[in-house]
Each structure stands twice: as C-alpha cells, then as structure tokens.
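Contents: one structure, followed by commentary.
The values are calculated or read from the model by the stated rules, or taken from the named source; none is laboratory data. Since the structure is predicted, the reported quantities are computational estimates derived from the model, not experimental observations. Note: ideal-geometry Cβ built from the backbone for every residue, glycine included; neighbour counts use all protein chains shown.
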C-alpha cells in the first residue's frame, strides 16, 4: 500500500499501521470475540485451555470433564493479547441448549469469529452452525479434536497406517465443509 507504513514492536506486541493522513491505528484497541462452539463433549473447553496455554487443571482454566461442564457462555481472556477473548459456548443439541434454540440462547450474533470443534465426523449440527455463521457473513475454522481416539481404533487393523488415517480424516473434514465455503 503506497504511502502506508508499518511499525511492529516486539517488546509490547503492538502493531501500528500508519496511513499518510491518519493517526496510527493501535491494534490493541480492536477487540476480537472468538466463539468456541460445537456439540457437548467435543473438547471445546480443552481447546480453550490449550489455545490459552493453560492445562485443564491450571488456574483460570475452563472446567473440563466427562459430563457436560459448560452450562453458560463463558469468556476467557487470552493471556497475552488482552483484546482477544475466547468464549466457551455450551454444547449444541443438549437438553438445556436444543439445536432449534441454540443460536438465540448463546447470543450467536455477538461474536466476531467462530471455531467449530468436533470430536467425530462433520455432522448435521456442525453444518447448521457453519451455515448460520455464513448467513452472518462471518468466518469460522473447523477443528477436529480427539484424533488420538481414531488413531488408536484404527491401530487395531492389520494394514494400519497413521499417515493414511490422518489423510482420511482431513479429507472427510474437507468434504463435510466443502458446500459451506466459510471454513478455513
């Protein structure tokens, strides 16, 4: 961009973009609200903790467990980027958050970006979430969690190949989201 300058300072993580006639734009003045969504038990809270660099038992960690633990939309600030907040959303299609009321109950429209977490194949609720995000003209990433379970299950097969298993999972994710081109 002609006439623009970019300053990045490592010591405070600030990025300044200067146009020829404007005051500097401070990136830390821009907030980013990222919703972590998906079905109950997909590993959303574990993802929030991993993204923030905190163990599941660490101070300030999102609660995790083998039963439903997230019963309300909960903010978790990023430890380094104070303008970034990860929002741990309850699972879609539970008794408290049925799929047909989920978007309204969690305030889906207030988020800037979405990460759909799934522990298994791309399923109907993942597709519905992706479609709603696209209707709002927003973007999302699809994250497949608990892949170690799939690898361990496939390992029992005589012709097991970890590389082939991972390729099959990747291809399935791409096929599942392809008609819904908002994924990255």
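The criterion of at least 1 residues that are closer than 22 Å to residue 123 by Cβ is met, among strands (runs of 3 or more DSSP E) falling completely within segment 30-110, by 32-38, 84-88.
The residue that is surrounded by the fewest Cβ atoms within 10 Å (Cβ to Cβ), counting only those in segment 111-132 that are at pLDDT 90 or above and assigned to a strand (DSSP E or B), is 113. Kindly establish whether residue 164 is outside any helix (DSSP H, G or I), at pLDDT 85 or above and either outside the structural domain of residue 113 (by TED's automatic domain parsing) or over 22 Å from residue 43 (Cβ atoms) (or both). No; evaluated as a whole, the condition is false for this residue. Say whether the condition of being assigned by TED's automatic domain parsing to the domain that holds residue 42, part of a helix (DSSP H, G or I), modelled with pLDDT of 90 or more and surrounded by 13 or more Cβ atoms within 10 Å (Cβ to Cβ) is met by at least one residue in segment 133-150. Yes, segment 133-150 contains a residue that is assigned by TED's automatic domain parsing to the domain that holds residue 42, part of a helix (DSSP H, G or I), modelled with pLDDT of 90 or more and surrounded by 13 or more Cβ atoms within 10 Å (Cβ to Cβ). For segment 64-77, taking the residues that are more than 15 Å from residue 114 (Cα to Cα) and touching a strand residue (DSSP E or B) at 6+ places or on another chain (Cβ under 6 Å), the one that is modelled with the highest pLDDT is identified as 77.
A search for C-beta distances below 7 Å between a residue of segment 61-73 that is under 9 Å from residue 49 (Cα atoms) and any residue that is in a loop (DSSP other than H, G, I, E, B) and modelled with pLDDT of 85 or more, counting only pairs 6+ apart in sequence or on different chains, returns 61/54; 61/55.
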